[in-house]
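The values are calculated or read from the model by the stated rules, or taken from the named source; none is laboratory data. Given the structure is predicted, the values throughout are model-derived calculations rather than measurements. Cβ coordinates were reconstructed from backbone atoms using ideal geometry, including for glycine residues, and neighbour counts include every protein chain displayed. To get the accessible areas, we keep the full protein, side chains included, count just its heavy atoms, and leave off ligands, DNA and RNA. Shrake-Rupley method; radii C 1.70, N 1.55, O 1.52, S 1.80 Å.
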Amino acid sequence: MKKTILFLSLFLGLNMSWAQLSPTYDDIWIPMRDGELLQADVYIPDGVTNGEVVLIQTPYNKNFFSFGLPMGVGTDLDDQPFIWVVVDWRGFYGSSDADLSDFERGEDGYDICEWITEQSWHGDRIGTWGPSALGSVQYHTAREEHPNHTCAVPMVNTGAQSYEAYYYGGVLEEARLFQLDALGYGLSPLVLSNPYDNLLWQVAKDGSYFPSEIHIPTLQIGGWYDHAIDAMIDFYKDSRNVADPAVRDEQWLLVGPWVHGGTGVAYVGSAIQGELVYDNAEFKSDSMAWDFLNYYLLDADNGWEDTDFITYYELGGNNVWHTSNADDISAAETNLLYLDNDGKLGSSNGVSSSSFISDPSNPSPTIGGATLSEDLEQGPFDQSSLDTRPDIVTFETAVLTDQVAVTGRISLRLYIECDQPDADIAIRLVDVYPDGRNMLITDGIKRLRFRNNEYAEEDEVFMTPGEVYTVDIDLPFTNYTWLAGHAIKIYVSGNHASRFNVNLQDGGEMYVDGEGNIANIIVHHTSAYPSVITLPGDNPILSIQEDVIDFVVYPNPVTNELQINGSSFISYAIYGSAGQMCILNSNLTNQRIDVSELSKGLYILQLTTANGETIQKKFTKQ
């Protein structure tokens, strides 16, 4: 229970306190048009007799808000101007007895708004706020066009229910689905019984994706480390183009370096995200939401109308905010990086091929990312522990001599051969820091029976051993800059668990128990099969410091002593896989390095020449 409370508090971004707020009106009943009742709490600041309302509709228990209201309010109710109305969804917590047989959440939202307008303490305007499910219900409510519903702040959600919302590249995002079950949605039977894109999914999307029915101003808030960011980018662009013409120029988007929330200490608006800290992003979601709500609910003369339409954070070493008045911030130009032999990424076609195994009984583990599960970390984490696994191959540029910036969807076209009828290809994109960390930026996956990018049952096609197949994998929309001195790297594997379902690779029915088959997977990277990464960015010259120093470090793995054959180096340093210094600037004699005292694991050896050039090589101490 304590774990669930923590999950929900972080999920909602609440300022939890041991002190509690006492609702002005507690557990009151709001009548719906079908005669059912929903339970609500009302918080009215001292001295306010006629105020504007912020409405929150939640499936996560309205009582949590007594520990602290969102947007930084906490328990300081009297230090802000709004009346807060928090309502339990029909079928959840205080409203659990309300009939679920025939209703629309948007209609419930409308009826709540109607009840609010009838209360003596209400002025005449209602704003809505909330993340995830609390965000999606705002779109459903706005669709009903209550005349007093003035504006909305939906976060990390679009409201859309679709095949791709649960199946990424044809692969079930299993951990998130099970977390939703734990939160009370009970979606698994429906989702698992529809593993193909079919009529049910089309009807679901048509009934839940409606940017054309937005008739009020919105401030849409998302995070680069959130699983919903791809859908949010598309939804925002659509809302700028097909919403009610009267409000098309009153749609704003804020995207920060944030996760969805719910695990660890990270949430929308916090500084700490995974293993990184973004101090200049802390509380940005709150401050912009306050400006937005003050402008539309209180007629505040705060200049909100001059705010650029999109405010977004540049991930990477620069860590700065940008703004745009476009409806799409995708870069128009692209750069290509080709996979090559020896795990290299470069600007020209590669040679040969790389291979790895995929074992369903020992899948490569999920380490952070755009997850939503109490059992998984969330946000950017170091992926270095994956480097020594036999079920992963990596491809990495040499050290960048200039920064490389991307804005948009990074895509990969790989040429794959496999000895099993089905398999998955999972991609993790990272930034290799000078200290040796491999920090996750984004990731994606594709089930190869759906390699033709169609997901209906009649579209699935299986593989034949010896054949080479074209596989396209799209990564979610991101904005990132690799700095000079860093490197671009991808991890390629056959699974990514427990975030995603593990493919049994036998070509049989999906999402059933079984031992499965071990797959041997080959990634071809030649002029005939040019496996390539497409980076959306205006980088006229993709500056990569190619390895011009000819040398070999051996043996690798090593037990006691490394030897260097080739160029002459004068000093070296050794870093651990987490970037910690193990040996600093020791003189190098006889081109030999004693590593016998190092613990087992992955290390980075940095060598320095007489003219000050440095180069890094990885080695494994066994």
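A few comments on the model shown:
- Its Cα gyration tensor gives the chain an equivalent ellipsoid, and the semi-axes of that ellipsoid, as √(5λ) in whole Å with the largest first, are 47, 27, 22.
- S596 versus D327: modelled label distance in nm, points set 7 Å from Cα along the beta carbon direction: 7.0 nm
- The label point for V265 and the one for T334, both projected 7 Å from the Cα toward the Cβ, are 4.1 nm apart.
- Positive-end ranking of P217, V255, V242 along the dipole of the range 204-265, with charges on Cβ about the Cα centre, is headed by V255.
- Computing FRET efficiency as 1/(1 + (r/R0)^6) for D291 and Q202, where r is the C-beta to C-beta distance and R0 is 51 Å, gives about 0.85.
- Between the listed residues Y296, I28, L276, the Cα displaced farthest toward the positive end of the dipole of the chain, a dipole computed from Cβ unit charges relative to the Cα centre, is found at L276.
- Net lengthening on full extension, V277/I357 (0.36 nm per residue, minus Cα-Cα): 25.3 nm
- For the range 248-302, the pair-distance distribution built from all alpha carbon pairs, in bins 5 Å wide starting at 0, is 4, 18, 23, 19, 14, 12, 7, 2, 0 percent.
- Computed magnitude of the charge dipole of the range 33-100 (debye, nearest 20; Cβ of K, R +1, Cβ of D, E -1): 160 debye
- Placing +1 on the Cβ of every Lys and Arg and -1 on the Cβ of every Asp and Glu, with no other charges, gives the range 21-170 a dipole of roughly 420 debye about its Cα centre.
- Computed from label points 7 Å out along Cα-Cβ, the spacing between A528 and S348 is 2.0 nm.
- Backbone N within the range 589-622 under 13 Å of label point (7 Å from T559 Cα along the Cβ vector): 596, 622
- Relative to the compact-globule estimate of 2.2 N^0.38 Å, the Cα radius of gyration of the range 281-420 comes out at 1.49.
- Beta bridges by DSSP in the chain, antiparallel share as percent, to the nearest 5: 75 percent
- When each of the peptides 207-216, 243-252 is scored by the mean number of other C-beta atoms lying within 10 Å of its residues, the order from highest to lowest reads 207-216, 243-252.
- Solvent-free Debye calculation, one equal scatterer per alpha-carbon of the range 420-509: log10 I(q)/I(0) at 0.12, 0.15, 0.18, 0.22 Å⁻¹ equals -0.46, -0.67, -0.86, -1.09.
- Contact order normalised by residue count of the range 194-290, Cα under 8 Å, 6+ apart, percent: 23 percent
- Phi angles across the range 377-382 convert, under the Karplus curve 6.51 cos²θ - 1.76 cosθ + 1.60 with θ = phi - 60°, into 3J(HN,Hα) values of 5, 10, x, x, 10, 5 Hz, Gly and Pro given as x.
- With R₀ set to 25 Å, the beta-carbon distance separating L100 from D375 gives a calculated FRET efficiency near 0.30.
- Using 0.36 nm per residue and subtracting the Cα-Cα separation, the extra length available between Q622 and T470 on full extension is 51.0 nm.
- Straightening the chain between I518 and Y93 buys 148.5 nm, computed as 0.36 nm per residue apart minus the Cα-Cα spacing.
- Each stretch of four or more DSSP H residues adds -39500 (n - 2.57); spread over every residue of the chain, this sum gives -4000 deg cm²/dmol at 222 nm.
- Each of Y554, C582, G601 was placed along the dipole of the chain (beta-carbon charges, centred on the mean Cα), and the one lying farthest toward the positive end is Y554.
- Taking every alpha-carbon pair within the range 193-281, the share separated by more than 24 Å comes to 38 percent.
- Mean separation of Cα pairs under 8 Å and 6 or more residues apart, divided by the residue count, gives the chain a relative contact order of 12 percent.
- Sequence-separation-based contact order of the range 162-237, relative, with Cα cut under 8 Å and 6+ spacing, percent: 27 percent
- Think of each Lys and Arg Cβ as +1 and each Asp and Glu Cβ as -1; about the Cα centre, that makes the dipole of the chain roughly 2180 debye.
- Accessible carbon and sulfur surface of the chain relative to its total accessible area, %, 1.4 Å: 46 percent
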